[in-house]
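**Student:** Below is the structure I would like to discuss, written out as structure tokens.
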Amino acid sequence: MAAAGTLRIGLMGGTFDPIHVAHLVAAEAALEQHRLDRVVFIPTGQPPHKPTDRLTPAEHRYQMVALATASNPRFEVSRVELERPGLSYTVDTLDRLRLLYPPGTDFFFITGTDAILSVETWREPERLFSLCRFIAAGRPGFSRRETESELRRLEEKFGATILEVECPALAVSSSDLRRRVAEGRSIRYLVPELVEAYIQKHGLYRP
């Protein structure tokens with residue numbers, strides 16, 4: 001258990017291309033249910049598991065996250081991965097953040113259950129689990145009953161702590177939003193209004 005006064009920082013990484021309501025709902029639910037002090041959104045610089053040639057420029061993705069989170073005083077945005085050259089590995093990001101925050105800060109990495117189930121393919125998963133605890137946000141198509149045993153297996157294998165967060169299952173994905181914009185369909189209410197306006201202003205995701 002964390003000592004009195006220890007900072008509890010949630011970390012939500014992702015390409016955020018674009019950020020959408022499901023990201024925000026999961027972050028708010030984790031903030032509340034796990035008594036976090038704040039959640040830091042970390043737009044990925046160069047993700048190792050995704051092709052970068054189709055990725056929207058980092059500054060656009062950063063600005064959309066900043067707009068989406070501006071109204072919540074307990075949400076922050078970090079440029080830590082955007083300012084570091086090369087591929088963005090979560091374990092390297094955690095190393096950097098531990099230098100930026102007070103000693104003893106508790107970090108909680110918030111991500112979808114599907115991402116956690118693939119964590120063994122990430123760089124240095126054993127050390128990663130030693131640097132933070134994970135919070136698994138359920139996503140549509142992933143049965144809790146089916147994933148429970150796999151999450152417990154990861155905990156045993158790595159001596160890890162994987163928490164869960166109850167939040168509405170919103171079937172919203174960034175890839176679907178990009179497709180909607182390309183097809184001239186509405187994304188209203190699927191992203192914050194300011195993000196929708198930014199996408200329109202800069203002509204993002206158009207064919």
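**Student:** If you check every pair at least six apart or on different chains, which have Cβ atoms under 6 Å apart with a residue in the range 41-63 that is more than 14 Å from ILE19 (Cβ to Cβ) first and a residue that is acidic (Asp, Glu) second?
**Tutor:** Within 6 Å, the pairs are GLY45/GLU81.
**Student:** Are any residues in the range 75-116 more than 17 Å from LYS50 (Cβ to Cβ) and touching an Asp or Glu at 6+ places or on another chain (Cβ under 7 Å), and if so, which ones?
**Tutor:** Result: VAL91, single match.
Listed here are the residues, each with its yes/no results for (1) assigned to a strand (DSSP E or B); (2) among the acidic types (Asp, Glu); (3) under 25 Å from GLU196 (Cβ atoms).
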{"position": "THR6", "(1), (2), (3)": "no, no, no"}
{"position": "ILE9", "(1), (2), (3)": "yes, no, no"}
{"position": "PHE16", "(1), (2), (3)": "no, no, yes"}
{"position": "LEU24", "(1), (2), (3)": "no, no, yes"}
{"position": "ARG35", "(1), (2), (3)": "no, no, no"}
{"position": "PHE41", "(1), (2), (3)": "yes, no, yes"}
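**Student:** Also: Picking from LEU24, LEU67, which residue would you name as being modelled with pLDDT of 95 or more, in contact with a helix residue (DSSP H, G or I) (Cβ under 6 Å, 6 or more places away or on another chain) and at negative phi?
**Tutor:** Within the list LEU24, LEU67, the selection yields LEU67.
**Student:** Could you give me the residue pairs with C-beta distances under 7 Å whose first residue belongs to the range 65-76 and is farther than 9 Å from PHE41 by Cα, whose second residue is modelled with pLDDT of 95 or more and in a loop (DSSP other than H, G, I, E, B) wherever it lies, and which are 6+ apart or on separate chains?
**Tutor:** Listed pairs, sorted by first residue: LEU67/PRO192; ALA68/ILE19; ALA68/PRO192.
**Student:** I've got another one for you. Could you say which residue among THR113, THR105, THR161 is polar (S, T, N, Q) and at pLDDT 95 or above?
**Tutor:** THR105
**Student:** Please go through the range 158-207 and give me each residue that is out of contact with any Pro (no Cβ under 8 Å at 6 or more places or on another chain), surrounded by 14 or more Cβ atoms within 10 Å (Cβ to Cβ) and among the small types (Gly, Ala, Ser), ordered by number.
**Tutor:** ALA160, SER173
**Student:** Pull out all pairs, ordered by first then second residue, where Cβ-Cβ is under 9 Å, the residues are six or more apart or on different chains, the first lies in the range 10-25 and is closer than 18 Å to PRO73 by Cα, and the second is among the basic types (Lys, Arg).
**Tutor:** GLY10/ARG38; ILE19/ARG61
**Student:** Within the range 44-58, identify whether any single residue is among the charged types (D, E, K, R), at pLDDT 95 or above and either surrounded by 14 or more Cβ atoms within 10 Å (Cβ to Cβ) or over 27 Å from LEU170 (Cβ atoms) (or both), and answer yes or no.
**Tutor:** Checked against the condition, which is being among the charged types (D, E, K, R), at pLDDT 95 or above and either surrounded by 14 or more Cβ atoms within 10 Å (Cβ to Cβ) or over 27 Å from LEU170 (Cβ atoms) (or both), the range 44-58 yields no hits at all.
**Student:** Looking only at the range 80-135, count every residue that is touching a residue at least 40 places away in the same chain (Cβ under 8 Å), more than 19 Å from SER149 (Cα to Cα), among the polar types (S, T, N, Q) and surrounded by fewer than 17 Cβ atoms within 10 Å (Cβ to Cβ) and tell me the total.
**Tutor:** Selection size over the range 80-135: 1.
**Student:** Any idea which residue in the range 57-87 is farthest from VAL195 (Cα to Cα), counting only those that are within 13 Å of the chain's Cα centre (by Cα) and part of a loop (DSSP other than H, G, I, E, B)?
**Tutor:** Only one residue fits best here, namely GLU81.
**Student:** Next question. Could you tell me whether the range 142-149 includes any residue that is surrounded by fewer than 19 Cβ atoms within 10 Å (Cβ to Cβ), modelled with pLDDT of 95 or more and out of contact with any Ser or Thr (no Cβ under 8 Å at 6 or more places or on another chain)?
**Tutor:** No, there is no match, as no residue in the range 142-149 is surrounded by fewer than 19 Cβ atoms within 10 Å (Cβ to Cβ), modelled with pLDDT of 95 or more and out of contact with any Ser or Thr (no Cβ under 8 Å at 6 or more places or on another chain).
The values are calculated or read from the model by the stated rules, or taken from the named source; none is laboratory data. Just so it is clear, the structure is predicted and the values come from calculations on it, not from any experiment. Every residue, glycine among them, receives a Cβ derived from its backbone with ideal geometry; neighbour counts consider all protein chains shown.
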